[in-house]
Every structure is written in structure tokens, then in C-alpha cells.
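Novice: Let me begin by handing over the structure; questions about it come next.
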There are 2 protein chains.
Amino acid sequence: MSTGGRRRRVTIADVARHAGVSTTAVSKVLRNAYGVSAAMRERVKAAIEELGYRPHAAARAMRGRTYTIGVLLPELRNPFFPDILDGLYAQLSGTDYQVIIVTGGPDAKAENRAIDALVDRQVDGILMVAPRVARARLEEVACGLPTVVLGPHEKSALYDAVLDDDEVGAELVVRHLIGLGHRRIAHIGQREGTPRRAAAMLHTIRARTYERVMREHGLDDEIAIATTSYSEEGGYRGARELLGRSPRPTAIFAGADLAAFGALTALHEAGLAVPGEVSLAGYDNTRLAALSTISLTSVDQDGDVMGRTAGRLLLERIEGRTSSVRFSITPTLVPRRSTAPPPQT
Amino acid sequence: MSTGGRRRRVTIADVARHAGVSTTAVSKVLRNAYGVSAAMRERVKAAIEELGYRPHAAARAMRGRTYTIGVLLPELRNPFFPDILDGLYAQLSGTDYQVIIVTGGPDAKAENRAIDALVDRQVDGILMVAPRVARARLEEVACGLPTVVLGPHEKSALYDAVLDDDEVGAELVVRHLIGLGHRRIAHIGQREGTPRRAAAMLHTIRARTYERVMREHGLDDEIAIATTSYSEEGGYRGARELLGRSPRPTAIFAGADLAAFGALTALHEAGLAVPGEVSLAGYDNTRLAALSTISLTSVDQDGDVMGRTAGRLLLERIEGRTSSVRFSITPTLVPRRSTAPPPQT
């Protein structure tokens, strides 16, 4: 079955190149912004016409709002994301705004396409959760559209940031485990998909904080990281890798609850009692972590407040705010039954 | 902070009313379909202009495809939905199609708005998962847009249906529990939100099948249903209600895994061992059901195949198929440790 010929999407960058102007200039024309000369306007409009650029954004500027907020999520399985979305929905309730969601898929390329799909659907604002695309891409989007980025720690003059203080959160977990008497504490992290933005990515910050706190306690030699992914499958693989070490760790800090759930399966398959033989902690304090049969120690970063704040910031930008805002949550530890002192040896 | 004045969306029904024609006629004009008179076309176009109906669909027909599939999900917390979406993504991979998702929210009114948002975003096809809106609305959408409905059992000449044989699935669970020796088997169901479509809704079918199988085994007097919702919170409330009965049930069949997770919390709070004192079964065979600490007996309806099939059917319709297709999955029982014979009394 044919699904139609491939037609590459014409982007704002193509229009800029064709018109011999900056993407910012194109964006200004599209937004009918102040300070664009008539000549510039004509040049950009001619390029739009010649390339067949879908004039959605232009149409939007002419017609007014579409009352749509676009949300980019990395994927749909992480139960922390619905917490964020519920906060966003709560903030938007009573307004005319609708939310449309796209998932980023396996790599930055797929994520770029997903972002294109949102921009082409003429959203009035965009919330990007833990995006992996290049920083230039985030700023390109923010240039034409009110944008909030949730997760990464970069500062930008073009978009707002909502983030968790991941350094505080990771430190809480590692200190909690050390306080219980653990020394062989291992970590399950996420593979770096965006090398140039590594320092700003929450999973990198959690992993580096783990290393720092271990060193501060003289546990340099006990540092053990399995770098997989914040998914059930990643947690399963990570735990299996860590349990293969000798001596094996007495505690595992998974960078996300979802990965901790996968680790739980690996621990069970290995016949290891939690927390009797191995303690386990996660991050995100998802609802499932509180399930009595799981009872996972975790870090609460209040996804509801993050989602509400993201919604509020987007509405403010849509109403005209252009200054850039950064909102940081200080997380808290939620100790549960999955962590306890290490077994006596 | 103001979020702009309320502007009700002009719908296809408004255009039809204004032009004094049927919505089907409007849809035909928008699709440039065969068999529309020039006079009809003029009338509809004038109504579109006068009402300021956003001419997205019309623009689509003129410009060609947007390569976007819209998906309506009831909400984002049910871990069965990502199974469906993964199947859909797999089917669309290698094509230019992007998926955008909206959630239906708390009631049919919110769901209608969410569907509007997809239609306005000029999707090429739409997948509605367990929609609660009126049947007429489903057909109105299907009239203008390739449509697949996943979940409900209605037949339609206008859209394709992908469904699970919920009667088989529910019967498997109840027979399994009876086979283990249970008599006091209770059910957690979902409140009926669409009375006129009740017979076609999967939650109604699961509940009625439970009643039928109980009666067929002479267990009429043991029938006990808590009607809440297919959510963790609904499962929690449902289980509490059922455990308040005297004598209490020895087994609970929750209509969805997500509700079973909530029931698990209620059982733990009540100090009841699973399966020692109460057996518990769910439906959907979500990945979390397989988690070793949960190990929930469930029904597998293969969300991946459902999602793939929905994608294939949408692409076929986009390519021109107009005949209506119905695809039914026969589910299987996945017995795990959460179900066992009742305690000896």
C-alpha cells in the first residue's frame, strides 16, 4: 500500500535562506511584529510563496489565535508525565485553550519532526518536556512562538524554563542511603542523547550529583553507574548489569521511578529481597511508587505544580510577556519501605 | 491575567444550519467530493465565509494532505493506551505521518471540544479510543474524515472499528475464578457516561458478561458490582465499597488493570493478603501487571496489534477505501499469582 510520495516540509529556515534574511526576520514578518520594513516584508512573503511554505503561522497572525497549546513529551509510558499534564489542564481549565500532544520518539531527528508537526498545527504556545533536540532548535521555535521548556537547566532569553532542582533531589537520595548505612550504592542513569547539552540535562545532573556525594563520603571506589534509559526496560537492563558485579551493590538509586520498576523485576528474578538484600530508590514520586506492593522510596518534584506553572507562563507569553522566566522546584524525599539498612555481613 | 475573550468555535453543524443544508453536504463541499452542484457549493462557501468557519479542512482539500493522524485518548494514565500508540507508531514508521494526541477529559462535552481541536488541526485521519460522545458525533466526524473507532462495539458504515471481544475476555476471568473455587466474586466497573450507547461500551459488556456467567453458575445471589471508574482512584473506591459487604467477596474482578492497582491499595489498607484472603484480577495485561511485586492475573487484548491495525485501516481509508471494516481481537487469559483458591473456612 502506498502512503503517498515523500514531501520534505518547508521550514522557516528554508524561507530565511531563500529570502536571504535571518529566521528572526522571517519570524517577525510572520508575527506582524513591529520594526519590519515593507521591503523586508515583501521579500519574505515572496519567499514563502515561491517555496510553498505552509502559511499557517502567517494565517494565525492574521486571523488571531487558534487557542491551542502544543505539548512535546518524550514518550507516553512514564507515569510522571500525566502529573505534569494534569497540572497544565487544571491551569487551562476555564480558558478556551485545548492541548495537543506529540511524542518525541526514539531520537532527536524524530523529535524534530514532532516539533515541526506542532508548529505546523499553528499552536499558540508550546511546552517541550525534556527535549533532546539542539539548543539552537529550541531557540528557533521560541523565536516564533511562546515557548516553555520543562526539565533541562539551560538559561535562555527566548523561552521560559520550568525545572526541578535535580541536584538537590539526587543528593537527598544518596544521603538517605548512606544514612541507612549503605556504601555499595549503584546508580541507573540515562544514556546521553545530546552531548552538547549534557551539562543541562536532568539525567546527567542526577548522575553527576550521585558521583559527587559518593566522593564527598569517601566512597569513590564504590561508584557504579549503569547507563541505560529512564524506562522499565532500561531499569531492568541496568539492574542486571549492576547485580553482575562482585560484590554486588546493597542499594540501587534509579534516576526515575519507571526505571526502578524495571529494576524491581530484575531483583525479583535474581531472587533478591527488597529491601532485605537490596534497597531501591527512584525519582519522580509517581502514583505507582506509592502502591502498597511497591512502596518505592522516591523524590517528589511536584509535577502538578510544574504543569500549572508551565501553563501560566505560556498564557503570560501569549498575552505579550517577552522577558524570560525561570521557575525551579525544590524537591523532597519520600522515604518508603523499599529502602532500609543493608544486610549484616 | 486575561486569556482573551470567549469565542465559540464555529462548527460544521453551524455552517450546515446557516446554509440550510445537511452536514454531509457541507462535508462533501469541503472534501471537493463528486456530486455536489455548483449552487450547493456556492451556498456552503458563502456560509463558511459569513460565519468565519476556519477553512482548514477546505484548505486541506485544496492543498493536499497534512500527513497528520489525530488520536483521541480518554486520558493519559491508563498504561494500556501506550501499548496501542506503540502499535500505531510502528505501523506509521517509514511513512511521513505524524501523530497528534488529545485527551477527552472528564465528560462528553470536553471530549467534543477535544475532537474539534483535532478536526481544526486538519488531520488526515482520526483514531478515537473509547470515545464517549454521541454516535451521531462519531458519524459526523467520519463523514468528513477517515475515522477508526477503537473500543466500542457499534457497527457503522462510515467508520472502521477495532475492538476486543470483551465478552470472551470477561468470561475467561469469571470462569477462571469460579474454577479456582470462588463463589463470592465481585466486580469493579465503570459508570455509564453514554446511556444511549451503553450496550456498545466495553465496560458495560464486561459487567454484563460478569453477571451472565455468575448466573449461569447459579451464583445470582453473589453478584456484587461497584460502579466507579477504570482508574486507580475508581478501583480504590470500588474495592472499599465491596470489602464493606458482609460476608466480603473472596475475589474481585476489576474491569481494567489500572482499577485493579487501586483495589490493591484498598486491600492492603484493609490488611487483606492477595491472594491468600482475596484474589484479584484485572483486564488489559499492561506491563505493570507483569511486575513481580504485583503479578496480576489479567486479560490480554494485544494493544500493539490493535494499534497497528488502526494505523493500517486509517492509511487505507486515506488512500481511498470507503467501505467499512470491523476488526475484532479475541483476548486470552494471563493467570498470575494474584489469583488462587479461596481461603478454607
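The values are calculated or read from the model by the stated rules, or taken from the named source; none is laboratory data. Owing to the predicted nature of the structure, the values given are computational and were not obtained by experimental measurement. Neighbour counts are summed over all protein chains in view; Cβ atoms, including those assigned to glycine, are modelled from backbone coordinates with ideal geometry.
Novice: Inspect all residues belonging to the stretch B:218-235 and state whether any of them is outside any strand (DSSP E or B), of a type in the set (A, V, I, L, M, F, W, C) and buried (at least 22 other Cβ atoms within 10 Å of the Cβ).
Specialist: Within the stretch B:218-235, none of the residues are outside any strand (DSSP E or B), of a type in the set (A, V, I, L, M, F, W, C) and buried (at least 22 other Cβ atoms within 10 Å of the Cβ).
Novice: I've got another one for you. Could you tell me how many of the residues in the stretch B:92-123 are under 13 Å from the mean Cα position of the chain (by Cα) and among the hydroxyl-bearing types (S, T, Y)?
Specialist: Here the count works out to 1.
Novice: All but one of (1) within 11 Å of chain A (Cβ to nearest Cβ); (2) surrounded by fewer than 24 Cβ atoms within 10 Å (Cβ to Cβ); (3) assigned to a helix (DSSP H, G or I) hold for B:L314; which doesn't?
Specialist: In the conditions (1) within 11 Å of chain A (Cβ to nearest Cβ); (2) surrounded by fewer than 24 Cβ atoms within 10 Å (Cβ to Cβ); (3) assigned to a helix (DSSP H, G or I), B:L314 misses (2) alone.
Novice: Taking the criterion of being under 20 Å from A:F261 (Cα atoms) and out of contact with any strand residue (DSSP E or B) (no Cβ under 8 Å at 6 or more places or on another chain), would at least one residue in the stretch B:214-228 satisfy it?
Specialist: No, the stretch B:214-228 contains no residue that is under 20 Å from A:F261 (Cα atoms) and out of contact with any strand residue (DSSP E or B) (no Cβ under 8 Å at 6 or more places or on another chain).
Novice: A further question follows. Counting only residues that are surrounded by fewer than 22 Cβ atoms within 10 Å (Cβ to Cβ) and β-branched (V, I, T), how many does the stretch B:138-159 have?
Specialist: 0
Novice: Tell me, which residue of the stretch A:126-137 that is within 20 Å of A:L88 (Cα to Cα) and out of contact with any Asp or Glu (no Cβ under 8 Å at 6 or more places or on another chain) is surrounded by the fewest Cβ atoms within 10 Å (Cβ to Cβ)?
Specialist: Ranking the candidates gives A:A130 first.
Novice: Considering only residues that are within 12 Å of chain B (Cβ to nearest Cβ) and under 19 Å from the mean Cα position of the chain (by Cα), which ones fall in the stretch A:283-294?
Specialist: A:T286, A:R287 - these are the residues of the stretch A:283-294 that are within 12 Å of chain B (Cβ to nearest Cβ) and under 19 Å from the mean Cα position of the chain (by Cα).
Novice: Quick one: which residue in A:L267, A:L280 is touching a residue at least 24 places away in the same chain (Cβ under 8 Å), in a helix (DSSP H, G or I) and within 11 Å of chain B (Cβ to nearest Cβ)?
Specialist: Answer to the check: A:L267.
Novice: Would you confirm whether or not the stretch B:245-256 contains a residue that is under 18 Å from the mean Cα position of the chain (by Cα), of a type in the set (G, A, S), part of a strand (DSSP E or B) and surrounded by 20 or more Cβ atoms within 10 Å (Cβ to Cβ)?
Specialist: Checked the stretch B:245-256: at least one residue is under 18 Å from the mean Cα position of the chain (by Cα), of a type in the set (G, A, S), part of a strand (DSSP E or B) and surrounded by 20 or more Cβ atoms within 10 Å (Cβ to Cβ).
Novice: Also, I was wondering about something else. Give me the residue from the stretch B:129-148 that is at pLDDT 95 or above and farther than 26 Å from A:Y97 by Cβ and, out of that set, farthest from the chain's Cα centre (by Cα).
Specialist: Filtering the stretch B:129-148 for residues that are at pLDDT 95 or above and farther than 26 Å from A:Y97 by Cβ, the one farthest from the chain's Cα centre (by Cα) comes out as B:P146.
Novice: Further question on the same structure: Test A:I126 against the criterion of being over 14 Å from the mean Cα position of the chain (by Cα), within 14 Å of chain B (Cβ to nearest Cβ) and not polar (S, T, N, Q), and give yes or no.
Specialist: In short, no.
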